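Down below is the structure, laid out as structure tokens.
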Amino acid sequence: MRKILVSIIWLLIFSKCVYAQDMGLFEKQWLTQNGDTMPFRVLLPENYDPSKKYPLVLFLHGRGESGVDNEKQLAHGAKMFLQDSIRKNYPAIVVFPQCASNSYWSNVQAVTTGSKTGKRTFYFVSEGEPSQSMKMLIGLLRNLLVRYPIKTNQVYVMGLSMGGMGTFELVRRMPNLFAAAIPICGGADPLTAKALVKTKWWIFHGGKDDIVLPVYSEQMVAALQQVKADVQFTLFPNANHNSWDATFAEPGLLKWLFAQQRK
């Protein structure tokens with residue numbers, strides 16, 4: 001029994017070390033602009049060749065992964081891009097920026113009723129200056145396009161929850177850049193749909209989501225359809241807020257993403 005217990009402990013330690021080593025493939029970097037700093041992680045393709053050009057995937061995390069540690073933003077989604085099959089079939093530059101704890105990816109107001117932890121209603125502000133983290137994010141994107149050999153017709157953005165909201169806003173603020181976008185359990189102001197038509201969309205949400213209600217994605221899907229945008233919608237009927245788990249397991253997700261190219 002003692003030997004079995006020791007073996008299990010060593011296995012857990014080994015698994016943790018392997019996980020940490022894998023995450024270490026995402027190089028730590030920091031962008032400083034106008035006195036502010038944004039942490040981000042960069043995963044380069046296997047056998048990276050700077051003389052070749054690669055697609056760029058930007059992944060925006062949710063509220064719970066905000067901070068300055070340059071670690072937490074890898075909690076969801078990073079392991080998907082580390083899979084051997086994904087790295088071999090879809091060589092790309094993958095970037096995970098980290099939003100500051102005192103900021104937000106998008107200009108959204110949340111009104112909570114009953115108590116501080118009660119039901120929240122979101123109001124998306126489509127006018128005005130971007131949040132500080134969005135300003136830094138736009139600066140980071142422009143920096144990446146200069147520093148790395150990127151196929152400018154294959155720039156993609158994905159995001160979950162707060163990052164899903166940021167996905168909509170980033171595309172709106174840079175409408176001529178992204179070939180495709182995947183917002184997960186996010187939302188935006190439906191009146192902004194006209195600014196999003198140059199990008200192809202695959203929107204995901206959990207049918208039982210009680211943190212960010214499915215209606216916020218449903219409204220965006222309807223608005224995008226109204227302006228003839230290329231959009232598809234997947235609603236997971238039994239998923240709650242963590243619909244990103246089901247999204248990452250969606251067959252053909254990355255095959256669809258990397259097939260999209262701007263003309």
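By the scheme Lys and Arg +1, Asp and Glu -1, what is the net charge of all other residues having a beta-carbon under 13 Å from that of Ser85? Cβ neighbours under 13 Å give a net charge of +2. Distant-in-sequence amide contacts of Ser161, defined by a placed amide H-H separation under 5 Å and a gap of 5 or more residues or a different chain, comprise Ile184, Cys185, Gly186.
From the alpha carbon centroid of segment 130-183 to that of segment 44-67 is 11 Å. Hey, quick one: spin label on Ile211, modelled 7 Å out along Cα-Cβ, who in segment 171-193 has an amide N within reach, i.e. under 16 Å? So the set is 183-187.
Distance cut-off 28 Å, Cα to Cα: go down the list Lys88/Lys228; Lys151/Lys208; Lys53/Lys135; Lys72/Lys255; Lys72/Lys263; Lys28/Lys200 and report the pairs above it. Cα-Cα > 28 Å for Lys88/Lys228; Lys151/Lys208; Lys72/Lys263; Lys28/Lys200; rest within. Per residue, the average separation of C-alpha pairs within less than 8 Å and at least 6 apart gives the chain a relative contact order of 16 percent.
Most tightly packed first, judged by the mean number of other beta-carbon atoms within 10 Å of their residues, the peptides 28-38, 131-141, 91-101 read 91-101, 131-141, 28-38. For segment 140-152, the Karplus equation 6.51 cos²θ - 1.76 cosθ + 1.60, evaluated at θ = phi - 60°, returns couplings of 4, 4, 5, 5, 4, 5, 8, 7, 10, x, 10, 6, 5 Hz by residue, with Gly and Pro reported as x. Taking every DSSP beta bridge with both residues inside segment 27-259, roughly what % is antiparallel (nearest 5)? Antiparallel bridges: around 40 percent, rounded to the nearest 5.
The base-10 log of I(q)/I(0) for the chain, evaluated at q = 0.07, 0.08, 0.11, 0.13 Å⁻¹, reads -0.25, -0.32, -0.60, -0.83 [Debye formula, identical scatterers on Cα atoms, solvent excluded]. Using R0 = 30 Å, the C-beta based FRET efficiency linking Val111 and Arg147 works out to 0.15.
Highest-first packing order for the peptide set 177-188, 142-153 is 177-188, 142-153, based on the mean count of other beta carbon atoms within 10 Å.
Per-residue Karplus couplings for segment 27-41, computed as 6.51 cos²θ - 1.76 cosθ + 1.60 with θ equal to phi - 60°, are listed in order as 5, 7, 9, 9, 9, 10, 8, 6, x, 9, 10, 10, x, 7, 10 Hz, Gly and Pro entered as x. Each label point was placed 7 Å from the Cα along the Cα-to-Cβ direction; for Lys119 and Thr37 their separation is 4.3 nm.
Throughout, read-outs are computed from the coordinates displayed, never taken from laboratory work. All values reported here derive from a predicted model rather than from experimental measurement. Neighbour counts run over all protein chains shown; Cβ positions are idealised from the backbone, glycine included.
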